[in-house]
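Rule-based calculations on the coordinates, nothing more; no lab input. Being a predicted model, the structure only gives us computed values, none of them experimental. Note that each Cβ is placed from the backbone with ideal geometry, even for glycine, and that neighbours are counted across all protein chains shown.
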Amino acid sequence: MAEQQAVTPPGNKPHRGTIFVEDAKVLAHTAWEGDQYILRLESPKCAAHAVPGSFVHLTCDPSLPMRRPLSLMRVDATAGWIEILYKVHGVGLAKLAEAKPGAMLSSLGPIGKGFTPHAERPRTLLIGGGVGIPPMVYLAEALVAGQRAGTAWKPLVLMGSEIPFPFRARPSTVVVPGIPAGTIAAMPLLEEWGVPSRLATLAGYAGCYAGYVTDLASEWLAALTPEQLQEVEIFSCGPTPMLKAVAKVAQRFGLPCQVSLEEYMACAVGGCAGCTVRVETPNGPAMKRVCVDGPVFEASSVFPPAA
């Protein structure tokens, strides 16, 4: 039985009593090209409380005192597992890559404020770059669940990467008007869910859009009618330069946009304030913690339009 303990930060905070420490069992650990790994963990408390956009703070190895923040890619609350996609960068994740099925890892989560789709804008455009892909997959799965519950979501997932994608891309069977001819590579898992997806890269992979994922997004948005644009909301996660570009795309088309930021973290529960970012608020600029005030923010508050 996994050890479970609620972490209760001091003060009256929205995340009070919702972050759990668990001894998470490695259920599966799959290696992909480009030093990428998909890790499935038995973590029932985290799985029961997670939302798209939240993350876990994971102990990579008993020899390393510092945890690593890793975004959730898939969650099954009924079966009690969570799934993480990560790319090896540094000693910690190199150690994590050695974990075998059956190993126990200390998991702290779920952490953070997630994405908030709005039903009045059902054309959800999900843009993921590199290790920012996982939250987009999780959000897409949640939107599919919403479709089954009667909400008319129409998600489109666009992904960009300059290293091989952590799945075997295949030609899409879902036609997406406005996508350039020849851009047919898709993520099989999303295809199985009935969610259209397309891939972008500068690395020349077959079937992918030859350019930045934000350029692909712009081409698709430019093909929509004014009435269709009124139904679009953008969600994104990836490296900061990409998020800045996504924010500019949203500003250009006058669209609401939520971004999930990537920051180095120490405690990840709001105590150390080591992951703060400047955010524009109605009362002026403020410093917000990415871990518990985010990681999801309105794009215009983090990347305000140039004066």
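With a simple spin-label model that places each label point 7 Å from the Cα along the Cα-to-Cβ direction, the separation between residue 175 and residue 32 comes to 2.9 nm. Calculated translational diffusion coefficient of the range 32-105 (25 °C, 0.890 mPa s; Stokes-Einstein with Kirkwood radius over alpha-carbon pairs) equals 194 µm²/s.
From least to most packed, judged by other beta carbons within 10 angstrom and beginning with the fewest, 33, 141 follow the order 33, 141. For the chain, the orientation-averaged shadow of the C-alpha convex hull comes to 16.2 nm² (one quarter of the hull surface). Only DSSP H runs of four or more residues enter the estimate; each adds -39500 (n - 2.57), and after division by the residues of the chain the mean residue ellipticity at 222 nm equals -6000 deg cm²/dmol. For the residue pairs 87/288; 45/87; 45/288; 25/244, the alpha carbons lie more than 29 Å apart in 25/244.
For the chain, the residue among 188, 157, 44 whose Cα projects farthest onto the positive side of the dipole built from Cβ charges is 44.
Return the Rg/Rh ratio of the range 123-302 with Cα-based radii and a Kirkwood Rh. Could the numbers behind the result be given before it?
Values: Rg = 16.6 Å, Rh = 16.9 Å.
Result for the range 123-302 is an Rg/Rh of 0.98.
Placing dummy labels 7 Å off each Cα toward the beta-carbon, the span from residue 148 to residue 251 is 4.0 nm.
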